[in-house]
1. Only one of A:V230, A:V299, A:V283, A:V304 is at pLDDT 95 or above and exposed (fewer than 15 other Cβ atoms within 10 Å of the Cβ); which?
2. Among what's in region A:325-358 and is part of a strand (DSSP E or B) and more than 22 Å from the chain's Cα centre (by Cα), pick the residue that is nearest to A:L286 (Cα to Cα).
3. Out of curiosity, is A:A217 in a loop (DSSP other than H, G, I, E, B) and closer than 23 Å to A:A333 by Cα?
4. Restricting attention to region A:54-91, report how many residues are buried (at least 18 other Cβ atoms within 10 Å of the Cβ) and within 14 Å of chain B (Cβ to nearest Cβ).
5. Mind listing whichever residues of region B:271-302 are closer than 15 Å to B:T364 by Cβ and of a type in the set (G, A, S)?
6. Do we have B:L352 as crowded, with 16+ Cβ neighbours inside 10 Å, in contact (Cβ under 8 Å) with a residue 60 or more places away in the chain, within 21 Å of B:E150 (Cα to Cα) and not small (G, A, S) here?
7. Go through region B:308-318 and give me each residue that's within 7 Å of another protein chain (Cβ to nearest Cβ) and among the acidic types (D, E).
8. Any idea which of B:A38, B:A58 is of a type in the set (G, A, S), out of contact with any helix residue (DSSP H, G or I) (no Cβ under 8 Å at 6 or more places or on another chain) and more than 30 Å from B:G168 (Cα to Cα)?
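The values are calculated or read from the model by the stated rules, or taken from the named source; none is laboratory data. Keep in mind it's a predicted model, so treat the numbers as computed, not measured. Cβ atoms come from the backbone with ideal geometry, glycine included; neighbour counts cover every protein chain shown.
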Amino acid sequence: MAKVVAAMSGGVDSSVCAYLLKQQGYEVIGATMQIWQDDSSAVEREGSCCGASAVEDARRVAQCLDIPYYVMNFREDFSREVIDRFCAGYLEGITPNPCIMCNRYIKWGAFLERCRAIGADYIATGHYARIIRLPSGRLAIRRSVSAGKDQTYVLYSMTQEELAATLLPVGEYEKTRIREIAREAGLPTATRKDSQDICFIPDGRHERFLKEHTGTAGKSGRFLDLDGNVLGMHDGTAAFTIGQRKGLGIAAGRPVYVCRIDAAAGDVYVSDEETLFKREIIVDDLHYMGEERFEPDAVYMAKVRYSQKLVPCHVRYLKDDKLCVTFEDPVRAPTPGQAAVLYRDDWIAGGGTIVEGK
Amino acid sequence: MIYLDNAATTRPDPSVIQAMMPYLTEQFANPSAFYQEAVRVRMQIDLARQHAADLLGAAPGNIYFTAGGTEADNWALRAGAEMMREKGRHIITSSVEHPAVRNTARYLASCGYEVTFLPVDGRGRVDPDEVRAAIRPDTVLISVMHANNELGTIEPVREIGMAAREAGVLFHTDAVQTFGHIPIDPEECGISFLSASAHKLNGPKGVGLLYVAPGLRPGRLLYGGSQERSLRPGTENPAAIIGFGEAARLAALRMDEDAARIRTLRQDFIMELKSQIPGIRINGDEEQSLPGIVSVTFPSVSSETLLIRLDQHGICASAGSACSAGAIEPSPVLTACGMSEEQAKRTLRFSLGRENTAEEMEETVRVLRAVLSES
């Protein structure tokens, strides 16, 4: 019987993931990754992962399924690979995606490695995504059957080897069906709220987190329009991301949006919304999944942030590890640090990190 | 299952369970009540106190039952510090104490006490000369454990107690790991307070004791009725206390024999480990050690992975300390002995008890070897 370690966050999706695998006849071990919350932070929020209450929820599910259960410690790995990179990125003026980093360096990094060391054949998560073997023989992440929930974007950097060692049973079901399964199976987490925010910044205030964690929220400086006129001052560049309108605190007499961040100078440029739309983006740190290399003649569907719709595009290599992606219709606010993920049909061909939008 | 986590807790002895059962069922009277039904329960509690006192060569009047070792440690440090408030606000402890002492000392530090955390040598031993040197005119309390729970190292409590006595300083020792395992005479060691816990000597969980030296009267732990001479009020838990008493009685009878046998098991285990697994390091003090504790640093593989692997083979061991969520954290005790964080993360504790056999130890070495060669 193949052995699989199911990552259990205490949420409904990962609970059903463990349940489905057990139903399918796998030898399932449940594991919660302890990645952030420390003993001293007493406030528990419903829907947060990896706090003590999340562990209690996951453990209840493991008891319900009668599977072994462990809390594995990844705090150091997470701090080094995710939080430090996240902070460094923000302080450089880019907007990194910590979920992608966590998947890349923790779940399909340290976690997979540790699961292999305890004899697991597979790891499994509750992502809404599927794994497909293409006619070429390559494995790729494929959109889940759930129309309303697609978590493929954050999985684009998985390697062939990682895909071969992964099970994603939740992707075979509609989101609504997953909750039904949880209820039918009597899982104690059936009604748990979904987690939304970045798990280590539950209040969503990045600049405060950065200040507490690194002592600075970036260089303070000026708000400028694209003609170089000073429109106001700000307390640190890390509070901003491209496309942001709220919380700027400048009265320009018209709606303005962050369109460029010069972290070194401490300057934040604002513009009208029109300027945010880009026809081209430059992408580097390329990862190949369903394809070994992108095809310049093909039409890809691209996603440049988690919550954005797929848009058609073409690609052109600038260098071996650098791509220019041209959209058929301009895309709003592609942001340096976020991932650009390229799909063919419903599967991921590959992707990379956005360097700039043009 | 091969149970090698006896420093975490021990299996309640069948005769302990037998002693407890009547007080969970028919003999339910409140021992403070007036009728004979209750007096009979009270008499058994008195007897339990006698058994516990006997293990220390003390009088029953010096034994106060608590709800466990942590409670006894908290009480000793807080009450001890308060008793001597007139004299000063300086406390001395070691850097390898159990969290029950360490964190109470930190709490006292937050209340305006000054706390000196003495370093230890590579084997986890406190140097009594350093204790002597750390004592100041305003020192009120010293707390050094009898033996360390992670390394098994026995601390020089007698020499520390003598230093404390000479200086007129109160001395507390956390004897949770040693009570009923190796002898200790608090009077002779200059001990003012001693904490112990029943479940470490095949007794029930949720009950412990604080020994208080003759002539001392610590402040109350709680406010309430007159139980435990009004110092630790609250209706007694007769089943637990009587179970503790039975465990203490048994320990007095078989302590020496058990210790000798467990010590041999431990020595053979260490020898086998050393000969079969290259690159390991045995931590602690090979001579001045509890009979059953073996701390091993492995050359590769994290303790978390090793523990899961052992668990899959039905072997129970431990590593470091657990955070509130249950994840293993590297032990501050090990790093206090000069170990790097990396080494601490590759360190396991096997704690042997009276039920372990030579076959179990051989099997454990065999599994460890297999697991390490796979990784």
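1. It is A:V299.
2. Out of the qualifying residues, it is A:T326.
3. Working: in a loop (DSSP other than H, G, I, E, B): yes; closer than 23 Å to A:A333 by Cα: yes.
Spelling it out, A:A217 is indeed in a loop (DSSP other than H, G, I, E, B) and closer than 23 Å to A:A333 by Cα.
4. Number satisfying all stated conditions: 16.
5. Pass one, region B:271-302, residues closer than 15 Å to B:T364 by Cβ: B:271-277, B:280, B:282, B:292-296, B:298.
The answer is B:S275, B:G292, B:S295.
6. When the stated conditions are applied, B:L352 passes them.
7. Selection gives nothing.
8. B:A38
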